[in-house]
Amino acid sequence: MALLELQNVHTYYGKIHALKGISMTVEKGEIVTLIGSNGAGKTTTLRTISGLLKPRQGQILFKGQRIDTLPPHEIVKLGIAQSPEGRRIFPRLTVLENLEMGAFLYNTRSPEYQADLDRVLTLFPRLRERVSQKGGTLSGGEQQMLAIGRALMTRPQVLLLDEPSMGLAPVLVEQIFEIIQTINQQGTTVLLVEQNALQALSIAHRGYVLQSGAIVLEDSATNLRNNEMVQKAYLGLD
Ligand code: ATP
């Protein structure tokens, strides 16, 4: 049984039919990437999984249990966390307070919390140096790290990452992808949405290509990298 499964999911914004029957699976331990151009429906897919949007048709299963009927906080509790696009951290709270907000499911005095915190600060040494700094004063890249760190503090089994490389300098892009790989190797399954398809496919096991709200291709990351249509449309290769 897949850890996460979408079955014929249709999501609307009012009359706009944004997802037109998405079916996909994420197996335990995988990094799966969802690639597609602007407006293809990548963010909508993640927001539908995390319960922020409700599908009008279709089902979403986590370990075989239906979750599309649950509110977002219940979905987080089950073990699915999203790190949103656009670095939505709490700007007036410090780095440490932002991370504590991620740990809302746990007692922040517990040893487990301290271990989680230490793990995140080890993954992101830049955050360790800045624990007392206000989130809003961090650089764009640091805010991105904080958003991912905060999602990790919920101890997710599945981490949904929305464009983690967006707006980052090339050296930080490399770093973020390495960190995502480390997070995965430490046991977290990852669903990664990226416009940076080449990088995403270089760390992913499998991928899906989304066009106008529908999946047009699914394959191993290696095959997608070698696919002519993918190369032309998403990798900037001719
Ligand atoms: P990008 O890479 O540009 O972030 P995306 O693949 O994540 O794109 P989505 O944000 O999921 O795309 O958008 C899918 C479609 O749904 C687009 O046509 C978009 O205009 C539409 N859409 C997204 N949010 C809303 C909204 N709040 N109201 C109406 N339409 C929306």
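The values are calculated or read from the model by the stated rules, or taken from the named source; none is laboratory data. Quick caveat: nothing in here was measured; it's all calculated off a predicted structure. All Cβ positions, even for glycine, are placed from backbone atoms using ideal geometry, and neighbour counts span all protein chains on display. Heavy atoms of the whole protein, side chains included, go into the accessibility calculation; ligands, DNA and RNA do not. Shrake-Rupley method; radii C 1.70, N 1.55, O 1.52, S 1.80 Å.
The charge dipole of the stretch 86-155, taken about the Cα centre with unit charges on the Cβ atoms of Lys, Arg (+1) and Asp, Glu (-1), comes to about 200 debye, rounded to the nearest 20. Each of L93, L105, A115 was scored by the projection of its Cα onto the charge dipole of the stretch 86-155, and the greatest displacement toward the positive side belongs to L93; charges sit on the C-beta of Lys, Arg, Asp and Glu. Along the stretch 139-151 the Karplus relation, 6.51 cos²θ - 1.76 cosθ + 1.60 evaluated at θ = phi - 60°, assigns HN-Hα couplings of 5, x, x, 5, 5, 4, 4, 5, 4, 5, x, 5, 5 Hz to successive residues, with x for each Gly and Pro. Cross-link partners of K15 among lysines, defined as those whose alpha carbon lies under 20 angstrom from its own and excluding same-chain residues fewer than eight positions apart: K42, K54. Note on the chain: GNM, Cα springs under 10 Å; of S220, S165, S110, the largest mean-square fluctuation is that of S110.
Taking Cα centre as origin and charging only the Cβ of basic (Lys, Arg, +1) and acidic (Asp, Glu, -1) residues, the dipole magnitude of the chain rounds to 680 debye. Out of the trypsin sites (Lys or Arg not before Pro) in the stretch 89-139, which ones are loop residues according to DSSP with at most 16 other C-beta atoms within 10 Å? For trypsin sites (Lys or Arg not before Pro) across the stretch 89-139 that sit outside H, G, I, E and B with at most 16 neighbouring Cβ atoms in 10 Å, the list reads R92, R109. Our compactness index for the stretch 86-155, the C-alpha radius of gyration over the empirical 2.2 N^0.38 Å, is 0.97.
Across the chain, C-alpha contacts under 8 Å between residues 6 or more apart give a mean separation that, scaled by the residue count, equals a relative contact order of 27 percent. Note that the stretch 154-222, at 4 °C in a medium of 1.567 mPa s, gets a Stokes-Einstein diffusion coefficient of 101 µm²/s from its Kirkwood radius over C-alpha pairs.
So which chymotrypsin sites (Phe, Trp or Tyr not before Pro) in the stretch 140-238 are both in a DSSP loop and have at most 12 other Cβ atoms within 10 Å of their Cβ? When the chymotrypsin sites (Phe, Trp or Tyr not before Pro) of the stretch 140-238 are filtered for loop state and at most 12 Cβ neighbours within 10 Å, nothing remains. Once the chain from Q59 to H73 is taken as fully extended at 0.36 nm per residue, the excess over their C-alpha distance is 3.2 nm. Backbone geometry of the stretch 122-133 corresponds, through the Karplus equation with coefficients 6.51, -1.76 and 1.60 at θ = phi - 60°, to 3J(HN,Hα) couplings of 6, 5, 10, x, 4, 6, 4, 5, 10, 4, 9, 7 Hz, x marking Gly and Pro. Taking only the C-alpha atoms of the chain, Rg followed by Dmax gives 17.3, 55 Å.
Rolling a 1.4 Å probe over the protein heavy atoms gives the stretch 86-155 an accessible area of 50 Å² per residue. Sorted largest first, the spans of the alpha carbon positions of the stretch 8-56 along the three principal axes are 36, 22, 17 Å.
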